[in-house]
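Worksheet: the structure to be examined is printed underneath.
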Amino acid sequence: MAKGLCRVSGMPGNGDDPRLAELLEVIFKYAAGDLKARGTLFDDNSALDGVVAGINILGEELEAFAAENRQANDSLRETLEYAQTLIKSSPDGILAVDRDLRITEWNLLMERMCGSPREHAIGRFLDDVPFMQETGETARIRAGLDGNGIESKEIAYRLPGTAKDSFFESRMAPLRGRKGEMQGAVLRLRDITERRYAEDRLRQASLYARSLIEASLDPLVTISLDGKIMDVNEAAVRGTGVPRVLLVGSDLSEYFTDPEKAQAGYREAFTSGTVRNYPLTMRHVSGTLTEVLYNASVYHTEEGEVAGVLVVARDIAERKRAEIAEELATRDSLTELYNHRAFYTFLKDETDRTRRFDRPVSLLMLDIDHFKRVNDTHGHQAGDIILKGLSHLLVQQARAIDRVCRYGGEEFTVILPETDTDMALQIAERLRVEAECHRFDIGNGKCVNITVSIGVATYPQQADSPEGAVKAADTALYAAKQAGRNRVLRYETAMSM
Amino acid sequence: MGTEQTSRVAKVWLGEDGIARVIHVPGAEVTLADAQETMVAYKKVNEGKRLPLFIDTKTMKSLSRDARHFYAGEEAAECASAAAIIVGTPVSKVLGNFYLGLSNPHLPTRLFSDEDEALAWLKGFAA
């Protein structure tokens, strides 16, 4: 500046006017960067005064502009530093590229994800980064820079040194210049692996829970605190005949014949935590009624608060039908005694038990004497009445543990568990006497007396199998008949006759 | 002449012709505070109307940067319909021209060295 000033000061003519020299000095001060330099106004209305005023004004504006510029630069620098701190500390991988897909920003997480340090990444082309190339992100960003919209995308990638895929959510934002021109792009990669695996686990758990619910053959319903259905299984849809979409949100009590009783049932569940075997009648849209046993338990949120009630309505009509069918299959339709098939089942069970516990089981084989004559004289209806009457009598006289069965025709058997031959003979004799004494009312004011013959055998003393026991009792019965009927005969006696 | 208001650097009044006058005192070195004070004085005169302004800067010695920008800003423009700046000295001409460069286009503004011409021009903006 001093050099410049000297040079100008040395110009011919300038040194004569001190004001002009001062003006030049101010100008050179500006040129040297001293924006505070000002000329002196003499207020003498001279043109030089006007020039000085103008120079001063320019100086003021220049100083203000420079100050504003510095402030703007400082502000910009702070903003950049702030942005860089954010980028660096971001939990996401962030990279920026210019228009030519050359990397201009590469944060710490990108280093970890791609194994490439920032100083190596900056300046490289995106194509040189395997992650970007193999996941197709380079092509996507290129398309984005060409003006095509870029949606966020979920990408799977196996990072170097890992055994399973990692998942990333990729989002791209364009970087535009002041005039809106595309200058590059920023890509944010969020590692969503944990979330994705957690979602998978949740989905699996949900499917598992759903399959458990659907596996139930009983209607299964979850209800909210206000009694509205939240979820149902297929069995509930079948049981009510109402589609799932209509069931969900409706009141559970609507599907029972006694809604108030149903409501009381789930209120009880909310109060005490569980309800067991609460009998209700479920109504199908077709009008069909189903007897159910309502079982309910509350279930809780993770915080331990009651979230709702899980209700299972067990169809007991089916069970009842099965029981009846089973009963019918084992009963004689006329006398309602156990039938021939059931007799052998019971006898086998008892002989098994005998072997296990070494206790005898006796068998009575009983036959109505001259039953054909009764039928011939009084008719088959009368015969049936006598069969039923005798059956009733035998059941009455037998002990609770004894099994009275109709063997066939007018033949009956009585299984006497844990009974030896002597005791069996006493029981048989009592039955014989009761039969002989009983007067069977066959209608039309007529009563008939009958007698019975009874053969007695004991297992394992006289037989080594259930069939053997039957054969032994039958032999004794035959002998009783041969001996004149209306009597009880034991197997040993029959064998000695 | 209407009610006269004064600031440290100027006298302000409303003429019967509907033109407000701002006459700076000789050797005035106008700062932002002075400019704001003069604006307050003017607002007492204009009674909320946008009036044409006759501003005599012939005797003004200087006008600080803040004051320049204040006069050239929107607030000042909202109070006036036009401004005729009377210049005479080289300094006032420089100030006036600089003001023109700053204020454009907030307010119709012209520089005059002749007061009558200025008043004639301003009449066109009087209500």
Relative exposure of A:I450, A:I386, judged by other C-beta atoms within 10 Å (fewest first): A:I450, A:I386
For the stretch A:344-354, in order, what is each residue's ³J(HN,Hα) by Karplus, 6.51 cos²θ - 1.76 cosθ + 1.60 with θ = phi - 60°, in whole Hz (x at glycine and Pro)? 5, 4, 4, 4, 5, 4, 5, 5, 4, 4, 4
Could you give each residue of the stretch A:283-300 its phi-based ³J(HN,Hα) in whole Hz, using Karplus coefficients 6.51, -1.76, 1.60 with θ = phi - 60°, and x for Gly or Pro? 10, 7, 4, 6, x, 5, 9, 10, 6, 10, 10, 8, 10, 9, 9, 6, 10, 10
Please list, ordered by chain and number, the residues whose modelled amide H lies under 5 Å from the amide H of A:S166; skip anything fewer than 5 residues away on the same chain. A:Y157, A:R158, A:L159
Long-range HN-HN contacts of B:I19 with modeled amide H, under 5 Å: none
Using a cut-off of 19 Å between alpha-carbon atoms, which lysines can reach A:K471, once sequence neighbours fewer than 8 places away in the same chain are excluded? A:K348, A:K481
Taking amide H positions as placed 1.01 Å from N in the peptide plane, with prolines and chain starts having none, which residues 5 or more places from B:T109, or on another chain, fall under 5 Å of its amide H? B:A83
Neighbour-count ranking [beta-carbon atoms within 10 angstrom, fewest first] of B:C79, A:C405, A:C114: B:C79, A:C114, A:C405
Which lysines, on any chain, are close to A:K29 with Cα under 22 Å apart, when same-chain ones fewer than 8 places away are left out? A:K3
DSSP-loop trypsin sites (Lys or Arg not before Pro) across the stretch B:1-69, with at most 14 other Cβ within 10 angstrom: B:R8, B:K49
In a shell of Cβ-Cβ distance under 13 Å around A:E260, excluding A:E260 itself, what net charge do Lys and Arg (+1) and Asp and Glu (-1) give? -2
Between the stretch B:84-121 and the stretch A:478-497, what is the separation of their alpha carbon centroids in Å? 156
Can you give the local net charge around A:Y30? Use residues other than it whose beta-carbon is closer than 14 angstrom to its beta-carbon, Lys and Arg +1, Asp and Glu -1. -3
For the stretch A:250-274 and the stretch A:349-399, what is the separation of their C-alpha centers, rounded to whole Å? 51
How many nm is it between the label spots at A:V306 and A:E291, if each spot is 7 Å from the Cα in line with the beta carbon? 3.0
Pairs of lysine in chain B with Cα under 19 Å and at least 8 positions apart or on different chains: total? 8
Residue-wise, which Karplus ³J(HN,Hα) couplings in Hz belong to the stretch A:443-455, taking 6.51 cos²θ - 1.76 cosθ + 1.60, θ = phi - 60°, and x for glycine or proline? x, 6, x, 9, 10, 10, 9, 10, 10, 10, 10, 9, x
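Cβ under 11 Å from A:E291's Cβ, A:E291 left aside: what net charge do those residues give with Lys, Arg +1 and Asp, Glu -1?
Residues near A:E291 contribute +2 overall.
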How far is helix A:193-215 tilted off the main Cα axis of chain A, in degrees rounded to 10, range 0 to 90? 20
Taking the 0 to 90 degree range and rounding to the nearest ten, how far is the long axis of helix A:259-272 tilted relative to the main principal axis of chain A, both from C-alpha atoms? 70
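Any read-out appearing in this document is the output of simple, stated calculations on the displayed coordinates, not a laboratory observation. Model, not experiment: these values are computed from the prediction. All Cβ positions, even for glycine, are placed from backbone atoms using ideal geometry, and neighbour counts span all protein chains on display.
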